[in-house]
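Asks: I'd like to ask you about the structure that follows.
The values are calculated or read from the model by the stated rules, or taken from the named source; none is laboratory data. Keep in mind that what you see is a predicted model, and the values were worked out from it rather than measured. All Cβ positions, even for glycine, are placed from backbone atoms using ideal geometry, and neighbour counts span all protein chains on display. The protein model used for the area step is the full one, side chains on, heavy atoms only, and it has no ligands, DNA or RNA in it. Shrake-Rupley method; radii C 1.70, N 1.55, O 1.52, S 1.80 Å.
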Amino acid sequence: MKEKSRLTVWMTGVFIFLSSVSVQAQNKNDLTFSPVDQLVKMGFENVSCTENDSERVYVVENAAYRLSGVGISKAVDCIQRTGLPAGKNCRIIILDNNVPQISLVYHRNNQLATFRQDSIPTPAREGWEVSYDLGGNWKQVSKSPRRNSSLFKVDIVVYPEISLKNLVITQVYQVLFNLSPAIEVSFWKGMKLTAQMVFPIYNDGYSINDSKIHPRVIALSQSFRLPWKGRTFARISAGLFYSDRYGVDLKVKHIFSDARFWAEGRLSYTGPGGYEGFQFHYGSLSRITWSLGGNFYLPVFNTQFSLKAEKYLLEEKGIRFDMIRHFRYCSIGFYAMTAQHAHKNGGFRFQIALPPYRYKRKWVRITPSKQMGMAYNAGNERYYYKSFRALPEDNIMKENEFNPYFITSELFNY
């Protein structure tokens, strides 16, 4: 009996020791890898986690939520639930098409915390600082393997389009309504192939060609984040664009040290080209258009002000002023323009986020476009001030989705 008792005690001790080791290993594994598993399960893409003596860094791309502010907030909540590292900073780097945009950092000495009902302190969203700074470990982090890669995955995005014009005195509006699905896929970092078809649904007063099924945008684009201070973003696109133009389009944006201010420019070399049905017509590349200006963002109202000098498709030069207020589900703005040979003009524009607001994809996903919008031309100008969009996704709401001040307000208010 005595030997049996000793054996029981010995086995109990071994069991307790192994259980302790297992729990410690499990806790360590949960701390380091569980957030990545959970983020992947939630539908986020290009997810990774690295850690050194000073910082733990998560890399995330939001492919799960239509609204970037909501998606980033969900990612923050997921990482906070599993616990932040003790004695070091925690950083979340947000990607867009594999290109880093902004980062959120929670400093080790940050005392902001909330208390759950079980009295365990949890970091508060207000403790995260949002900026364009990627931290000193980005080169190391960029080489880490990613889970749930976005490369080679296909989105079929259906863009609803409504055009209105008021030129007939006996009719309030003439209407054109199209559904324009686009195949969008990325084969490498920052690259996107876009191929769009137009399916006319209703045409009352527009041209016969607008009633024909035809291709519209067929373009390759490449986005960069330039190394100069890490605050310069660029995108070059080549192919067939909106407004029956084809050629090359370059957009550059540089954010100053005070992120409320940034400069942006655009340079395009295009010619007339487009489809009549499935027959392609084109002219020579002959038109250089450009835009150069500055922006100011008022964080307290999430309002953007911009002033630009521009050259348009009829080669007239002009000045354009915009004021745009950004909300979670929409962006609404007013604009005013003046140019050579043209009367002064202005109007308003808006962009609205379309449901569903939550989705997942494995390899192919069919969704409506992220936003739908219109611009109202108050002066009824039909010839001057003409420009073009390079890609279907280009709009005022998309351009603001990674603004650090806007993301900060979403973290606080969502």
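Asks: To the nearest 20 debye, what is the magnitude of the charge dipole of the chain about its Cα centre, counting +1 on the Cβ of each Lys and Arg and -1 on the Cβ of each Asp and Glu?
Replies: With Lys and Arg at +1 and Asp and Glu at -1, about 760 debye.
Asks: Please give the charge dipole size of the stretch 93-241, origin at the Cα centre, charges +1 on K and R Cβ atoms and -1 on D and E Cβ atoms. Round to the nearest 20 debye.
Replies: Taking the Cα centre of the stretch 93-241 as origin, the dipole is about 720 debye.
Asks: Take Lys360 and Asp394, extend 7 Å from each Cα along the Cα→Cβ direction, and tell me the distance between the two endpoints in nm.
Replies: Placing both labels 7 Å beyond Cα along the Cβ direction yields 3.5 nm.
Asks: How much length is gained on full extension from Arg147 to Val172, taking 0.36 nm per residue of separation minus their Cα-Cα distance?
Replies: 3.7 nm
Asks: Along the Cα-to-Cβ line of Ser163, 7 Å from the Cα, sits a label point; which residues in the stretch 204-221 have backbone N less than 17 Å from it?
Replies: Flagged as within label range: 204-218.
Asks: Rounded to the nearest 500, what is the chain's calculated 222 nm mean residue ellipticity when only DSSP H runs of at least 4 contribute -39500 (n - 2.57) each, over all residues? Let's see the in-between values first.
Replies: Values: 5 runs with 74 residues, N = 414.
Result for the chain, helices only: -6000 deg cm²/dmol.
Asks: Sort Leu314, Leu226, Leu176 by accessible area with a 1.4 Å probe, largest first.
Replies: On the way: Leu314 100, Leu226 70, Leu176 15 Å².
The ranking, largest first, comes out as Leu314, Leu226, Leu176.
Asks: Between Ser284 and Ile352, what is the spin-label point distance in nm, taking each point 7 Å from the Cα along the Cα→C-beta axis?
Replies: Each label point is offset 7 Å from its Cα along the Cβ direction, giving 4.6 nm.
Asks: Identify, among Pro181, Tyr357, His326, the residue whose Cα sits farthest towards the positive end of the charge dipole of the chain, taking +1 on the Cβ of Lys and Arg and -1 on the Cβ of Asp and Glu, with the dipole about the Cα centre.
Replies: After comparing all options, I get Tyr357.
Asks: Give me log10 I(q)/I(0) at q = 0.12, 0.26, 0.30 Å⁻¹ for the stretch 214-269, Debye formula, one equal scatterer per alpha-carbon, no solvent.
Replies: -0.36, -0.98, -1.15
Asks: Would you kindly calculate the translational diffusion coefficient of the stretch 255-414, applying Stokes-Einstein with the Kirkwood radius from alpha carbon pairs, for 20 °C and a viscosity of 1.002 mPa s, and quote it in µm² s⁻¹ without decimals?
Replies: My calculation gives 119 µm²/s for D.
Asks: May I pose another question? In the chain, with Lys and Arg counted as +1 and Asp and Glu as -1 at Cβ, which of these residues, Gln304, Leu167, Val154, has the Cα nearest the positive end of the dipole, that is, farthest along it?
Replies: Sorting the options by dipole projection puts first Val154.
Asks: How tilted is helix 404-413 with respect to the longest principal axis of the chain? Cα atoms for both, answer in degrees (0 to 90, nearest 10).
Replies: Orientation of helix 404-413: about 60 degrees from the principal axis.
Asks: Sort Tyr269, Tyr385 from largest to smallest accessible area, using a 1.4 Å probe on the heavy atoms of the protein chains.
Replies: Numbers: Tyr269 105, Tyr385 25 Å².
Final ranking, largest accessible area leading: Tyr269, Tyr385.
Asks: Which residue, chosen from Phe241, Thr270, Gly293, occupies the Cα position most advanced towards the positive end of the dipole of the stretch 237-295, where the dipole is computed from +1 (Lys, Arg) and -1 (Asp, Glu) charges on Cβ about the Cα centre?
Replies: Towards the positive end, the residue furthest out is Gly293.
Asks: Hey, can you grab everything whose amide H is under 5 Å from the amide H of Ser149? Only 5+ residues off in sequence or another chain; H modelled, so Pro and N-termini drop out.
Replies: Amide H neighbours of Ser149, under 5 Å, 5+ apart: Asn46.
Asks: In nm, to one decimal, how far is the modelled label at Met323 from the one at Ile236, with both set 7 Å along Cα→Cβ?
Replies: 3.8 nm
Asks: Starting from the Cα of Tyr383, step 7 Å toward the Cβ, then list every residue of the stretch 284-316 with an amide N under 19 Å from that point.
Replies: 311-316
Asks: A further question follows. Would you tally the net charge around Ile319, using a Cβ to Cβ cut-off of less than 13 Å, leaving Ile319 out, and scoring K and R as +1, D and E as -1?
Replies: My count for the surroundings of Ile319 gives +2.
Asks: Under a Cβ-Cβ cut-off of 14 Å, what is the net charge of the residues other than Gln371 that fall near it, where Lys and Arg count +1 and Asp and Glu count -1?
Replies: +1
Asks: Convert each backbone phi in the stretch 379-391 into a coupling constant with the Karplus relation 6.51 cos²θ - 1.76 cosθ + 1.60 (shift: θ = phi - 60°), then list the ³J(HN,Hα) values in order as whole Hz, x for Gly and Pro.
Replies: Computed from phi, the couplings for the stretch 379-391 are x, 6, 6, 10, 10, 8, 6, 7, 9, 8, 9, 7, 10 Hz.
Asks: Can you pull the Kirkwood radius for the stretch 305-355, inverse mean 1/r over Cα pairs, to one decimal in Å?
Replies: Value: 12.2 Å, from the Cα pair sum.
Asks: Rounded to the nearest 20 debye, what is the charge dipole size of the stretch 244-374 about its Cα centre when +1 sits on each Lys and Arg Cβ and -1 on each Asp and Glu Cβ?
Replies: Taking the Cα centre of the stretch 244-374 as origin, the dipole is about 740 debye.
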